[in-house]
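The values are calculated or read from the model by the stated rules, or taken from the named source; none is laboratory data. Being a predicted model, the structure only gives us computed values, none of them experimental. Please note: Cβ atoms are built from the backbone with ideal geometry, for glycine as well, and neighbour counts cover all protein chains shown.
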Amino acid sequence: MYGNAPVEPGSQPPELSPEERKVLRRDLESVAAETRDLLPGEFVVGSEISAGANGPSATVAVQPPVGPIVSADYSPDVDEGVEMAADERSDIARGLAASAALQVKRSFPDDQPPAQ
């Protein structure tokens, strides 16, 4: 057995049912929409659900106008339900917006004078 193997040989990672996928997609869209509301229009926000070696994974990402992409990953526990709590969605959105704004700030030198 390999030391980094996430699942036992022969076993399959959990998969989302169509209803669970719909709930997770709705929650991701909610996070993305709240993140968009917190940022100016120059920031691009997107989300996706993917199947990983450990099961489903959800990602919300922000591309600032300058600087690298920032993202937040969420791995739902399929056994306990995939729905995200409202405060968790809000925390993710605020954290992403803050991180994206920080990336823009870091893209400009500290000694640059403000635009006139």
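Of all residues in the range 62-100, which are in contact (Cβ under 8 Å) with a residue 24 or more places away in the chain and of a type in the set (A, V, I, L, M, F, W, C)?
Hits for the range 62-100 are Val62, Val66, Val70, Ala72, Val78, Val82, Met84, Ile92, Ala93, Leu96, Ala97, Ala100.
Anything in the range 22-68 that is part of a strand (DSSP E or B) and aliphatic (A, V, I, L, M)? List them, or say none.
Going residue by residue through the range 22-68, those that are part of a strand (DSSP E or B) are 44-52, 55-63.
Once the filter is applied, which keeps residues that are part of a strand (DSSP E or B) and aliphatic (A, V, I, L, M), the range 22-68 yields Val44, Val45, Ile49, Ala51, Ala58, Val60, Ala61, Val62.
Counting only residues that are over 21 Å from Ala33 (Cβ atoms) and in contact with a strand residue (DSSP E or B) (Cβ under 9 Å, 6 or more places away or on another chain), which one in the range 76-101 is modelled with the highest pLDDT?
Going through the qualifying residues, I end up with Asp77.
From the list Glu15, Glu19, Glu48, Glu29, which residue is farther than 21 Å from Ser90 by Cβ and either within 11 Å of the chain's Cα centre (by Cα) or modelled with pLDDT under 85 (or both)? If you could, list the steps in order and put the result at the bottom.
Numbers: Glu19 fails: either within 11 Å of the chain's Cα centre (by Cα) or modelled with pLDDT under 85 (or both); Glu48 fails: farther than 21 Å from Ser90 by Cβ; Glu29 fails: farther than 21 Å from Ser90 by Cβ.
After applying the criteria, what remains is Glu15.
Could you pull out the residue among Asp73, Asp87, Asp110 that is in a loop (DSSP other than H, G, I, E, B), of a type outside the set (A, V, I, L, M) and loosely packed, with under 13 Cβ neighbours inside 10 Å?
Sole residue among the options that is in a loop (DSSP other than H, G, I, E, B), of a type outside the set (A, V, I, L, M) and loosely packed, with under 13 Cβ neighbours inside 10 Å: Asp110.
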